[in-house]
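**Student:** I'd like to ask you about the structure that follows.
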Amino acid sequence: MTDVLLYQTTDGGEINATTEGIEMTGGLETAVYLSLFGGNEDASRVWWGDIGQNIPDRITTSFTQNILRALPAVPANLLRVKSAAEKDLAWVVKSGRAQELMVSVGMPGVNQVKIVVAFSGVELEFVTEWSNSE
């Protein structure tokens, strides 16, 4: 199964469109990105990906998004970010896509978080702004 490749940039997710078309992927890059950062920021509005879904199956915001917005960007909160990312990505193992999933987190810069996800020989790295910089 292929999907549009959605990759992390400093200001959100992007797709790569060329004269040949939109770059696609057979991997889980897009699903992992959306699990961590693809939630609906305004819970009062319906996200386009939820159209036709039952209410319990709707995406609001991810645990990762909530932590990055709610907690200060300090090293002491990195364990909470890691735990949130693991919760958001538990489906990878549960669905049988991988036997094991490893998440590591760090702070590469001021008010930034880096999340590295590894499973089945794949390593994905996401660097994003940590919104709450109290």
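**Student:** Give me the accessible area per residue for segment 68-134, probe 1.4 Å, as a whole number in Å². List each step's numbers first, then the result.
**Tutor:** Working: 3880 Å² over 67 residues.
Using a 1.4 Å probe on heavy atoms only, each residue of segment 68-134 averages 58 Å².
**Student:** Using the Cβ atoms and a cut-off under 11 Å, what net charge is assigned to the surroundings of Leu5, where Lys and Arg are +1 and Asp and Glu are -1? Can you show the working numbers first?
**Tutor:** Working: positive: none; negative: Asp3, Glu14, Glu23, Glu29.
With Lys, Arg at +1 and Asp, Glu at -1, the neighbours total -4.
**Student:** From the phi of every residue in segment 98-113, what ³J(HN,Hα) in whole Hz does the Karplus formula 6.51 cos²θ - 1.76 cosθ + 1.60 yield, where θ is phi - 60° and glycine or proline is x?
**Tutor:** 8, 7, 8, 9, 10, 10, 10, 9, x, 10, x, x, 5, 6, 10, 10
**Student:** Let me check I have the definition right: for segment 65-134, take the eigenvalues of the Cα gyration tensor, multiply each by 5, take square roots. What are those semi-axes in whole Å, largest first?
**Tutor:** Working: eigenvalues 113, 30, 14 Å².
Output for segment 65-134: semi-axes of 24, 12, 8 Å.
The values are calculated or read from the model by the stated rules, or taken from the named source; none is laboratory data. Since the model is a prediction, treat every value here as computed from it, not as a measurement. Every residue, glycine as well, gets a Cβ built from its backbone with ideal geometry; the counts of neighbours run over all protein chains shown. All accessible areas refer to the heavy atoms of the entire protein, side chains included, with ligands and DNA or RNA removed. Shrake-Rupley method; radii C 1.70, N 1.55, O 1.52, S 1.80 Å.
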